[in-house]
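J.: Below you'll find the structure I mean.
What follows is calculated from the coordinates using simple rules that are stated; it is not laboratory data. Just so it is clear, the model here is predicted, and its values are computed rather than measured. Neighbour counts run over all protein chains shown; Cβ positions are idealised from the backbone, glycine included.
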Amino acid sequence: MRTKSCIALVALVATSLAGCDWFKTSPPDVKFAPDNADFRQKMDLAEVEYKYPLLPADLSKLTPANLATLSQEQIDQVYARLSAGPIPDGPFDGAILFPRGSSGKFRVAEIMGGLTGSALQLKGISLDALGESLWHGKVFYRDERVLRNRIEDIDALRKIGLVGQEPRKLAVGGKETWLLFPAKVFCGQSLLDARRESIIIDYFFTDEIAGYQEQPDFLAGRRGLRVRDEIRMVRPGFYLGRAYLDRGFLLNFTLYNDEIAKRDADAFANASPVQEDCYTGTQQPPVAVTASK
């Protein structure tokens, strides 16, 4: 009886805490330019960075969790004040980032429409489920300038006949994951902020990459959703990304490698030089250095 009472008490406390504002993630303590409903009155991104620079101490306050407490405008302002940093290497944990006030739903039908969207719907693909439940990050192969996406569960794809031969697997964090949807990785122009380059993850020619499997890899390519991602470094081991379908903005996401983040945290906080593989523009962000490759 005492054990049951303790369990009930713990459940009651947990439920109460979940409803408390102080138990929830707080917004990061960094500065933002005022938002304006009239886009003609919005501050230019160059002016945002000039007036509200993000120093290493500011970037160290950002986490995948507290970024979700920001509005889309604020996330855009964070992204615009970042530089690309080094092209990643190895596995990164991924999370879809739904900003404050968003519905939490993908804009696939709104962006694509037409035959492509209809064909995918007829095949029974739940893109919400694919993104939120199945996608768990990316594995970068820096020397090859390619990556593959970490998919934890492919049963949903199998059931509708979109898995051919058994996909390649990799052990990440003691757990096996399937590697699907390969993409090319290179430096290129950001679709949000053209002042400096981002690291581009391009699926358009996914079928040209070694190891490509028609089923289901075609979904991300030029005969499917025409996915294009871009990322910039928040700090070592932590990247903020933007996903596009056919050049229409879809969602934000984060990539995180805990080993790199812990290893380089102190050096970054002390403003040690950051490797920049991409063009940082003429307006240098505070964390960018000229040691580009």
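J.: Just list whichever of K61/K184; K138/K175; K61/K138; K61/K175; K24/K138; K138/K169 have alpha carbons separated by over 20 Å in the model shown.
T.: Check vs 20 Å cut-off fails for K61/K184; K61/K138; K61/K175; K24/K138.
J.: For the stretch 262-278, just list the computed ³J(HN,Hα) in residue order, Karplus coefficients 6.51, -1.76 and 1.60, θ = phi - 60°, integers in Hz, with x standing in for Gly and Pro.
T.: 6, 5, 9, 4, 5, 4, 5, 4, 8, 6, 5, x, 9, 5, 10, 8, 10
J.: Further question: Please compute the net charge surrounding I260, taking Lys and Arg as +1 and Asp and Glu as -1 over other residues with Cβ under 10 Å from its Cβ.
T.: Net charge in that neighbourhood comes out at -1.
J.: Let me ask another. Please sort 87-98, 220-231 by packing, taking for each peptide the average over its residues of neighbouring beta carbons within 10 angstrom, highest first.
T.: 220-231, 87-98
J.: To make sure I understand, if each residue's beta carbon is the centre and we count other beta carbons within 10 Å, what order do T69, T280 fall in, fewest to most?
T.: T69, T280
J.: Compute the Cα gyration tensor for the stretch 163-260, then decide on rounded, prolate or oblate, letting a ≥ b ≥ c be the square roots of its eigenvalues: rounded whenever a/c is under 1.5, prolate when a/b is larger than b/c in the other cases, and oblate in all that remain.
T.: Since a/c reaches 1.5 but b/c is at least a/b, the shape of the stretch 163-260 is classed as oblate.
J.: What order do you get for T282, T63 when you list them from fewest to most C-beta neighbours inside 10 Å?
T.: By the 10 Å Cβ count, ascending: T282, T63.
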